[in-house]
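The structure appears below as structure tokens.
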Amino acid sequence: MDTSFNIGYLLEMLLPVVGICIVLNKKKHPLIKGVACVGLGLLFDMVMTSVLKMQGFSGTDYADVTPSTYIFVLFWFMSIWIAVIVGIYLACDVSLHEAIYLFAVSYGIEHIFYCIRELVDYRTNGMIADNQPVLYTFCLIGSFCMAYFWFAKRAVNNGKYLIETLSATTATVIILVVVWWMSIIASFNNIGYIHAIYAILACLFILVNQRAQLINENEKQEFRLKEQLWKDTQVRYQFSKDAMAVVNQHYHDMKHQINVLANMENDEKRRGILAEMENDIAVYDAVVRTGNELLDTVLTEKKLICHSKDINMSCIADGEQLRFMNEIDLYTLLGNALDNAIEANEKIVDTSKRWISVQIQNKKGIVLLEILNPFVGAIKMQNGLPVTSKKDKLSHGFGTQSIQTIVDKYNGQMVIKTENDKYLLRIIFS
């Protein structure tokens, strides 16, 4: 350990931390908080480096190392660790326990590349030092890429890591602390190359295990949400069919009333029947006829909801174009899409500016489905999909993902555009 490279160690820690945390949901002013914590870490680093020099430890002379030197080295590491952990906690939307876990994962990645540098140094008999600029830069870039591309992108779920248990986190931290302490002992005894081999294996074992656990938890979470969505959809679909049956019954009753009215001579009774028919017609105004019974059901249901919420919903739909989809998929796709549009309209205070436009048509052999609605505020996009603004991000925001899954199932394409305070969902099936 060369104390002239203490600042380098902070940099070595920051690169994997950034890779791990870049995918997380952030708190307010994350950059300012992160920079402040890095500055605090540098301040601690300078103090501890000065203390070590006062102890007579240069970082290259390992003879007659005193116990107090071990203690100050420990404090030196801890000062950087604490600064990084606090930075994660303040900048990202995580608990302190989660911040410690993410730091431990980042440390495991950093330590792998540190050990790679140690082995290169040993195998080349010092001809390529572990702090040689090319090797050092390669390891810095490698640590970020491993953290972001290999770990974070696969393990994250809607801007959050689903850390399963506190015991798993504690075990991970303890193992990595043991690895770190053994690396210190190995360095002081000039046998760092021996430590490097088992340290790489130990860190890889921990990281692969943790990554697999997080991915597995993500899959279980998505399965639970899909299962619940499936159950909810079945219930809602049955409710919609029942509601549609009621509407159709009103229609048949109205036809019968017209026949009665045509042969009625009593004016008072005629006026009563006319008033009753007006109510029936008001309900029937919401009925959508597209040539596809299921499509009629979901569009009518949502149009009735829009009517109750002062939302003007217009439909130009050729239901025959969506015959290739099974009932539940079609209901889920349109149900979620229209629910999102209705929710966006509810945020608009001026009811005269609430509207939804639905178009389903065939253009030159391509089935085009478009839903357009106004929106207020800002929409954050991630991987082409909007990120929910609700606090419970695991339960909410799944509707659009469900739409994407169904579109992919039928080899379609989905595009979401937001401009001029309008939100466009465009789905294409070819």
Item checked: Candidates 119, 162, 102 - the one that is within 20 Å of residue 81 (Cα to Cα) and in contact (Cβ under 8 Å) with a residue 24 or more places away in the chain -> 102
Checklist line | Matching entry among 100, 88, 109 (being open to solvent by 20 Å² or more (accessible area, probe 1.4 Å), β-branched (Val, Ile, Thr) and at negative phi) | finding: 100
Margin query: List pairs: first residue in the stretch 201-220 and closer than 17 Å to residue 156 by Cβ and open to solvent by less than 30 Å² (accessible area, probe 1.4 Å), second residue among the aromatic types (Phe, Trp, Tyr) and outside any helix (DSSP H, G or I) anywhere in the structure, Cβ distance under 7 angstrom, at least six positions apart or on different chains.
Written below: 214/161
Item checked: Considering residues of the stretch 382-430 that are of a type in the set (Phe, Trp, Tyr) and either modelled with pLDDT of 85 or more or part of a loop (DSSP other than H, G, I, E, B) (or both) only, the residue surrounded by the most Cβ atoms within 10 Å (Cβ to Cβ) -> 423
Next item on the list: State which residue is nearest to residue 403 (Cα to Cα) when the search covers only the stretch 335-349 and only residues that are without any contact (Cβ under 8 Å) to a residue 60 or more places away in the chain and open to solvent by less than 70 Å² (accessible area, probe 1.4 Å).
Entry: 338
Item checked: Breaking point among (1) out of contact with any Leu (no Cβ under 8 Å at 6 or more places or on another chain); (2) of a type outside the set (Ser, Thr, Tyr); (3) modelled with pLDDT under 90, for residue 346 -> (3)
Next item on the list: Report, ordered by the first and then the second residue, all pairs with beta carbons closer than 6 Å, sequence separation of six or more or different chains, a first member in the stretch 80-97 that is within 9 Å of residue 33 (Cβ to Cβ), and a second member that is open to solvent by 60 Å² or more (accessible area, probe 1.4 Å) and among the basic types (Lys, Arg).
Entry: 90/33; 91/33
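So in the stretch 358-379, with the set limited to residues that are β-branched (Val, Ile, Thr) and not in a strand (DSSP E or B), which one is modelled with the lowest pLDDT?
Step by step, filter the stretch 358-379, then rank; the result is 379.
The values are calculated or read from the model by the stated rules, or taken from the named source; none is laboratory data. Keep in mind that what you see is a predicted model, and the values were worked out from it rather than measured. Methodologically, a virtual Cβ is constructed for each residue, glycine included, from the backbone with ideal geometry; neighbour enumeration extends over all protein chains shown. We work out accessible area using only protein heavy atoms, side chains counted, and drop any ligands, DNA or RNA first. Shrake-Rupley method; radii C 1.70, N 1.55, O 1.52, S 1.80 Å.
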